[in-house]
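J.: Starting off with a structure, shown below.
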Amino acid sequence: MSMFEDTSYRWRETYLVLFRSGNRPTLTAVDQVLSALDEHYALTNLKADESGLCESFTLLSPEDFAALDGCYTGGPEVLEEGVALAEEMTATARDTGERICEEEIRQYDGRFEVLHFERLAEKSQEDDAAEDMLDPGALLLVLGALARLTDGVAVDPQAGTILSDVG
């Protein structure tokens, strides 16, 4: 079940972990790495392809009021999107003075899309003020772990930036 189907969660944003498809991890490796991040995380909906490679997962982080859906995509579509993303990021990097690994990004033919969801808090009658309780801790740890596991990079496609200091 995708977190989109759970009405107690709301989608916030999508991040990417880009990598060479030859570095695509097994579901067992993803399970081990993500389970080791925090004892309070719960992994569900773990799916692998016929070779045992990771297809998708869901990570629940109740303390962060967050959930993450991760799913793998690979092939020419990812290469094409990588070229466009690298061009956008190069333009942004010139404006900010940052350096990006444009040539490397253009060679990545695999990715995990990591969808970040916020758990909606039930409003109590005493607390009418909406309090933003979402903590990005789980998101940052998972992005960093997946980037290390795949020897890839975590990217915020909305901002056009590489998240080099995640996890």
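J.: Residue by residue through the stretch 48-66, note down the ones that are closer than 21 Å to Thr150 by Cα and within 16 Å of the chain's Cα centre (by Cα).
T.: Step one: list which residues in the stretch 48-66 are closer than 21 Å to Thr150 by Cα, which gives 48-59.
Correct list: Cys54, Glu55, Ser56, Phe57, Thr58, Leu59.
J.: Can you tell me which residue within the stretch 37-91, out of those that are acidic (Asp, Glu) and buried (at least 21 other Cβ atoms within 10 Å of the Cβ), is farthest from Pro25 (Cα to Cα)? Spell out how you get there, then give the answer.
T.: Step one: of the stretch 37-91, the residues acidic (Asp, Glu) are 38-39, 49-50, 55, 63-64, 69, 77, 80-81, 87-88.
Narrowing further to those that are buried (at least 21 other Cβ atoms within 10 Å of the Cβ): 64, 69.
On the way: Asp64: 26, Asp69: 16 Å.
Among residues in the stretch 37-91 that are acidic (Asp, Glu) and buried (at least 21 other Cβ atoms within 10 Å of the Cβ), the one farthest from Pro25 (Cα to Cα) is Asp64.
J.: Given (1) in contact with a Pro (Cβ under 8 Å, 6 or more places away or on another chain); (2) without any contact (Cβ under 8 Å) to a residue 24 or more places away in the chain, where does Thr14 come up short, assuming only one miss?
T.: All conditions are met except number (2).
J.: State all residues of the stretch 1-36 that are aromatic (Phe, Trp, Tyr) and either at pLDDT below 95 or surrounded by 15 or more Cβ atoms within 10 Å (Cβ to Cβ) (or both); if no residue qualifies, say none. Break it down stepwise before answering.
T.: Kept after step one, since they are aromatic (Phe, Trp, Tyr), are these residues of the stretch 1-36: 4, 9, 11, 15, 19.
Phe4, Tyr9, Tyr15, Phe19, listed by residue number.
The values are calculated or read from the model by the stated rules, or taken from the named source; none is laboratory data. The structure displayed is predicted, hence computed values, not measured ones. When we count neighbours, we look across all protein chains shown, and the Cβ atoms used for this are built from the backbone with ideal geometry, even at glycine.
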